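Read the figures in this text as sums done on the coordinates, not as results from a lab. Everything numeric here is computed off the predicted structure, so don't read it as measured data. A quick note on method: Cβ atoms are made from the backbone with ideal geometry, for glycine too, and the neighbour counts reach across all protein chains shown.
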Amino acid sequence: MRETMRPVSLSRVVETAYFGEKSKIFTSQDLAEFLSSSERRAKEVADEMVNIGLLTQSEVNYSATPKCIKFLGYVRNNEWKNVHELMMDYSFYQVFFNNLLSIEPATPDEILTSLLTSALPFNQTSRDVLCDWGERIGSIQRNIFSNQYFAIQKGDQKFIPVFFEIYKSLNVKSGLSLRQRYVEIPKVREFLCQQIRISRDDFDTKFIEMCMKNIGKIELSGAPVTTYAKKSAKKVKNVHFLEVSDKITMTLSSNQFLNGVTIGQKAYYYVAYHGGELND
């Protein structure tokens, strides 16, 4: 029996779960045809799905479990928190996530070092696969500037005090006049999300709300579409789900260009604070 985790992408998990729901009973050869892969690779995917608890195996045949049907329902409804909770029954994902909670924020190397002390046989590949799963599901996030991962926990720290702290740390002044420099919203977003453990979407909602309540105290500015400031060395991972007749597609995209925020029909990339107490 294989001890290590097989490297299976989240899209393959979803596609195989869909095929299991549709086919009821199938072989690795049937799955290979559906996935347009080799039979060896299809068997590897199916066997890992058995370990996750989404498939059951009887001799050469596989079939979907009730957990698999539940998993697909969560994916179809974009209930990623429920997907995370379901995946917590899978030993490798559970140990990975709990290890991250104990050391966060942590770089990939720090995560692997911690995982290697666990009872399960982790390696660099399994760490990378699980980091990818976590980012796609939305249970974890990576600060692309510090390359540190952390779990999304919707912390109870107040947004505005932390915004001030992050803004001041990034608001480097230079020159004899010591004039204030506009700070890039994506940088504020990445560090603030890490500090209070919220998602980028939650940041955008709270940030826009703060700006709308404090017009005149907080100023927003745009940037040319081609500005190099928008490009990052690390990528922000996204997931897009589409189901059509006889096929299910889960596009896992990675965006190397960081976005600011959009209010109405206008996009903004920089923020400046001009003084005064902010309305919460």
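Observations on the model:
- Peptide ranges 14-26, 267-279 listed from the most packed, as the mean C-beta count within 10 angstrom indicates: 14-26, 267-279
- Whole-Hz couplings from phi, Karplus 6.51/-1.76/1.60, listed for the range 9-21; x for Gly and Pro: 6, 4, 5, 5, 4, 5, 4, 5, 4, 4, 5, x, 5
- Converting phi to 3J(HN,Hα) with the Karplus coefficients 6.51, -1.76 and 1.60 and the offset θ = phi - 60°, the range 199-216 yields 7, 5, 5, 5, 4, 4, 4, 5, 5, 5, 4, 4, 5, 5, 7, 9, 4, x Hz in sequence order, with x at every glycine or proline.
- With a threshold of 23 Å on the Cα-Cα distance, the over-threshold entries among K70/K154; K213/K266; K81/K187; K81/K154 are K70/K154; K81/K187.
- Karplus-based coupling profile of the range 265-280, in residue order and whole Hz: 10, 10, 9, 10, 10, 10, 10, 9, 9, 9, x, x, 6, 8, 7, 8, with θ = phi - 60° in 6.51 cos²θ - 1.76 cosθ + 1.60 and x standing for Gly or Pro.
- Placing pseudo-labels 7 Å out from each Cα toward the beta carbon at D109 and L35 gives an inter-label distance of 3.3 nm.
- Order by protection proxy (mean Cβ within 10 Å, highest first), peptides 121-134, 202-215: 121-134, 202-215
- Considering all C-alpha pairs of the range 57-192, those separated by over 19 Å amount to 62%.
- Per-selection metrics, the range 66-107 (Cα): Rg and Dmax in Å: 12.2, 36
- Cα-based shape type of the range 1-77, given that a ≥ b ≥ c are square roots of the gyration tensor eigenvalues and the cut on a/c is 1.5: rounded
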